[in-house]
Amino acid sequence: MKISRREFVGMMGATAASLSVPNSGYSASSVESAEVIERGGWQLKVMPTGDIVSLRDGNLELVNRRVGDNHPRILVVGKKLYTCNQPRSARREGLKLVFEYAFSDRYNFSVDYEIELIGLKAGAVALKQKVGMRFPAKVADNVKLVLPRNLQLPLENRKVFVPLKNGIGRRKPVLGLENDDEYLFRFAGSYEGGRPQMLAIPMLDEYADGTDVHLTLCADAFFTSHFVLPFQEKIGQFHCLYLGQVGLHGREERTIYTGLHRGDEKTAIQVFYDTVLADVKPGADWLHDVAMIDYDYLSENGQGWFADIDKLEQVVRSADRSKVFLALHGWYDCVGRYTFDYRTRSLDKKWIAFPSALNPDVQALGDAPETWTENYWHKASVAKMRPVEMTLADMHRRIKYAKDRGFRVGLYYADGLAVGDTVKDIYDPSKVLRWGGWEGPDTKGRICQQNPLHPEVRDFYRGYLQALLAEYGKEVDGFIWDETFFIDPGDLGTPAYTGYADRAMMTLVKELAAMVADFSPQLVFFASDVIGVRTWSHKAPYALVAHATYQDSGSRPEAWPYGLFPNFRNVLWSCNWAPVSNFHYTQYAVETFDTPVTISNGAAGDDIGISEVNPLQLKRILDLFEKRKNRRMEISWIEENQCNHTYRGREIKYKWTLRGDGL
């Protein structure tokens, strides 16, 4: 049997080729030569070519050989297709098979392909397929990696659970329809296809009437993943596209898992974490119990921190204070440097915080409020800001003041990769990815976003975090990396430091979170992805490799749905710079999504700390805290319920937040 040219072109995305893919019609005798691997009641058979010809549990066979084989394909788009079906070597390592393929005509490269059965929690098993490509010389064409998909439940009425980008957990039949049965996790690189449904995480869960077995298909989260499920005589596929403008040189690899379990959708998401993110530790358990969070932006020129803590000590019982997390922001000298001397790799002993507070352009902020959130800069508040002398001793005193009273403390780590062009020893034109970013009393010069592919940029943030851990790691409870969202999916590097900037940012977040977790399992590292705000539905889920999200979204309702799946096993928080004016945002978030009650203080926003609110405002805050403090934040997803969207049975009141976005 052969797949028609039309089907093949549709599957591969080739634009000009008369090619076909033969079905590996192995006879019963030839299948007897297959290598057999068994684990957890599942049996896997793989031919000497690398073709998986059987995956079964008792009488349930998951490989649909009628639709074709599943050898990996490498397509140099528009030029040549390479099928990995003639290995130059093959070996077995325990429950893993390793095949190596080599090609040396127009393009010289090799492929190593690993097939393995791995054990998971609660008796689940996963088929792991890892494809590595090595190109000794740079290829300046688009290169497409395709892994044909002929694994499916052999039953009618197959269904799939889809974790959509907007937080909806969609359940739908598998019908083989274009667009409706194409799914995309958009990140580094690209893909070929129509208008696929956008995934929050690279995962699908297939199930069917007549069996309790689920097939959870998932892929690593560091590159784009395009999925099509097989249907009837139509083969499915996983694919991704490496861009010619970046060039393929050296080694690239992708890992795809098919989890086999008898759980539910929640189990499927756990399979995703246990496979794709097995080396990323979850956040500390105490995060789920936090019921109030405060963001202090060096309020009252540094004195608001103490006043608000004094008030919280009065109104929050000592037994509940561990459920209150206070974030200390604005404590550093300037964005991009953060009191860290990169040359000596040490923190300054003293510095000036808010060094630009009196600059005319900063003072002018009070005359030009931003329109995306209410009451952003009060003119009177801006006029009161002053540069503030700070020392290491003073920082320890501030942290101790909160900790001695039983509160948790987080330290603002950085503003993404931002730096001003006048910040000595940090700014370098070769590090600039793009211009633009936050400007305020803590910035100097024109702001740019640095390139995470630049080795010195990565080295700075690692060295800076190491210095923070050494100085404050045993005192604080966490570090907040603000504005991680400035590096977008699809962002590339610069001519001097080329590559996939989005992937580099993801790996950097992962490295930093691992440093924090290694220092102490009770210490956490927050990302700030802000997906969904300002129609930013395309933003990247860096929280997948962090311990939680503390996003600077103003608690706007459109941000919550988009953060659900990326933070599923951790927590999703937000500041609210207008905790009085926009108290209704906080109330909706707490009552619908079990977020912590959000307060703040500082010139950016209402500039009203909890020590300054009137009795009625204080009562509303404390009443909401009393409701929230005995519930844990355990994230779920939004159910569609025939357009009556709910979250854990609670109505989604801001339904416009679930806009299409290609979903």
Of all residues in region 185-214, how many are in contact with a strand residue (DSSP E or B) (Cβ under 6 Å, 6 or more places away or on another chain), closer than 19 Å to L277 by Cβ and of a type in the set (A, V, I, L, M, F, W, C)? 7
Within region 102-112, tally of residues that are buried (at least 17 other Cβ atoms within 10 Å of the Cβ) and in a loop (DSSP other than H, G, I, E, B): 1
Need the failing condition index for Y342 against (1) surrounded by 24 or more Cβ atoms within 10 Å (Cβ to Cβ); (2) hydroxyl-bearing (S, T, Y); (3) under 30 Å from F222 (Cα atoms), just the number. (1)
Are there any pairs, at least 6 apart or on different chains, whose C-beta atoms fall under 7 Å, with the first in region 389-407 and closer than 16 Å to G330 by Cβ and the second surrounded by fewer than 16 Cβ atoms within 10 Å (Cβ to Cβ) and acidic (D, E), and if so, which? I399/E475
Checking A221 against (1) within 19 Å of the chain's Cα centre (by Cα); (2) over 21 Å from L147 (Cα atoms); (3) not in a strand (DSSP E or B), only one condition comes out false. Which one? (2)
Would region 157-171 turn up any residue that is modelled with pLDDT under 95 and over 25 Å from S636 (Cβ atoms)? yes
Just to be sure I understand the filter: pairs with C-beta atoms under 6 Å, separated by 6 or more residues or on different chains, first member in region 629-655 and of a type in the set (G, A, S), second member surrounded by 13 or more Cβ atoms within 10 Å (Cβ to Cβ) and at pLDDT 95 or above. Which pairs pass? S636/R648
When you scan region 441-552 for strands (runs of 3 or more DSSP E) that lie fully inside it, which ones turn up with 3 or more residues that are closer than 30 Å to Q363 by Cα and touching a strand residue (DSSP E or B) at 6+ places or on another chain (Cβ under 7 Å)? 447-450, 478-482
Test: N157 is among the polar types (S, T, N, Q), over 27 Å from E61 (Cα atoms) and assigned by TED's automatic domain parsing to the domain that holds F227: no
Quick check: is even one residue across region 451-458 touching a Gly at 6+ places or on another chain (Cβ under 6 Å), closer than 21 Å to Y497 by Cβ and surrounded by 21 or more Cβ atoms within 10 Å (Cβ to Cβ)? yes
Could you list, in sequence order, the residues of region 345-363 that are within 19 Å of L468 (Cβ to Cβ) and charged (D, E, K, R)? R345, D348, K349, K350
Please return the ranges of strands (runs of 3 or more DSSP E) entirely within region 153-204 where 1 or more residues are surrounded by 23 or more Cβ atoms within 10 Å (Cβ to Cβ). 158-163, 182-185
Return the total of residues in region 540-560 being modelled with pLDDT of 95 or more and closer than 13 Å to F486 by Cα. 3
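Quick one: is V143 surrounded by fewer than 21 Cβ atoms within 10 Å (Cβ to Cβ), in contact with a strand residue (DSSP E or B) (Cβ under 7 Å, 6 or more places away or on another chain) and over 30 Å from C643 (Cα atoms)?
Details: surrounded by fewer than 21 Cβ atoms within 10 Å (Cβ to Cβ): no; in contact with a strand residue (DSSP E or B) (Cβ under 7 Å, 6 or more places away or on another chain): yes; over 30 Å from C643 (Cα atoms): yes.
Considered against the rule, which asks whether it is surrounded by fewer than 21 Cβ atoms within 10 Å (Cβ to Cβ), in contact with a strand residue (DSSP E or B) (Cβ under 7 Å, 6 or more places away or on another chain) and over 30 Å from C643 (Cα atoms), V143 comes out as no.
Would you confirm whether any residue within region 494-501 is surrounded by fewer than 21 Cβ atoms within 10 Å (Cβ to Cβ), among the aliphatic types (A, V, I, L, M) and more than 25 Å from V524 (Cα to Cα)?
Within region 494-501, the first condition is being surrounded by fewer than 21 Cβ atoms within 10 Å (Cβ to Cβ), and the residues that meet it are 494-499.
Now restrict to residues that are among the aliphatic types (A, V, I, L, M): 496.
Adding the requirement that they be more than 25 Å from V524 (Cα to Cα) leaves 496.
The answer is yes, given that some residue of region 494-501 is surrounded by fewer than 21 Cβ atoms within 10 Å (Cβ to Cβ), among the aliphatic types (A, V, I, L, M) and more than 25 Å from V524 (Cα to Cα).
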Among the numbered conditions (1) under 18 Å from E483 (Cβ atoms); (2) over 29 Å from the mean Cα position of the chain (by Cα), tell me where V419 comes up short. (2)
Would you please list the contacts, defined by Cβ atoms under 6 Å and residues six or more apart or on different chains, that run from a residue in region 214-231 that is more than 19 Å from R186 (Cα to Cα) to a residue that is basic (K, R)? P230/R149
Could you go through region 268-276 and let me know if any residue there is in a strand (DSSP E or B), of a type outside the set (K, R) and buried (at least 24 other Cβ atoms within 10 Å of the Cβ). no
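Condition check ((1) surrounded by fewer than 23 Cβ atoms within 10 Å (Cβ to Cβ); (2) at pLDDT 95 or above; (3) touching a Pro at 6+ places or on another chain (Cβ under 8 Å); (4) assigned by TED's automatic domain parsing to the domain that holds A527) across all residues:
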site: S581; (1), (2), (3), (4): yes, no, no, yes
site: H584; (1), (2), (3), (4): yes, yes, no, yes
site: A589; (1), (2), (3), (4): no, yes, yes, yes
site: D594; (1), (2), (3), (4): yes, yes, no, yes
site: V597; (1), (2), (3), (4): no, yes, no, yes
site: A603; (1), (2), (3), (4): no, no, yes, yes
site: N614; (1), (2), (3), (4): yes, yes, no, yes
site: E626; (1), (2), (3), (4): yes, yes, no, yes
site: R648; (1), (2), (3), (4): yes, yes, no, yes
Give region 188-202 a look and list any residue that's touching an Asp or Glu at 6+ places or on another chain (Cβ under 9 Å) and under 15 Å from Y562 (Cβ atoms), or say none. Q197, M198
Between residues in region 493-515 that are in the same structural domain as L469 (by TED's automatic domain parsing) and residues that are surrounded by fewer than 16 Cβ atoms within 10 Å (Cβ to Cβ), which pairs lie under 6 Å by C-beta distance while being six or more apart or on different chains? A496/S430
What is the residue count in region 512-549 for residues that are surrounded by fewer than 24 Cβ atoms within 10 Å (Cβ to Cβ) and of a type in the set (G, A, S)? 4
Across region 80-99, what is the total count of residues that are surrounded by 16 or more Cβ atoms within 10 Å (Cβ to Cβ) and touching a Lys or Arg at 6+ places or on another chain (Cβ under 8 Å)? 7
Hey, L145 in a strand (DSSP E or B), under 21 Å from W42 (Cα atoms) and not assigned by TED's automatic domain parsing to the domain that holds L544 or not: no
Among the candidates Q245, Q314, residue that is assigned to a loop (DSSP other than H, G, I, E, B) and either at negative phi or among the aliphatic types (A, V, I, L, M) (or both): Q245
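When you scan region 200-213, do you find a residue that is touching a residue at least 24 places away in the same chain (Cβ under 8 Å), in contact with a His (Cβ under 6 Å, 6 or more places away or on another chain) and not β-branched (V, I, T), even just one?
Looking only at region 200-213, we keep the residues that are touching a residue at least 24 places away in the same chain (Cβ under 8 Å), and these are 200-213.
Remaining after also requiring in contact with a His (Cβ under 6 Å, 6 or more places away or on another chain): 205, 207.
Now drop any that are not not β-branched (V, I, T), which leaves 205, 207.
Checked region 200-213: at least one residue is touching a residue at least 24 places away in the same chain (Cβ under 8 Å), in contact with a His (Cβ under 6 Å, 6 or more places away or on another chain) and not β-branched (V, I, T).
The values are calculated or read from the model by the stated rules, or taken from the named source; none is laboratory data. Because the structure is a prediction, the values reported are computed rather than measured. Cβ sites come from the backbone with ideal geometry, for glycine too, and all protein chains shown count toward neighbours.
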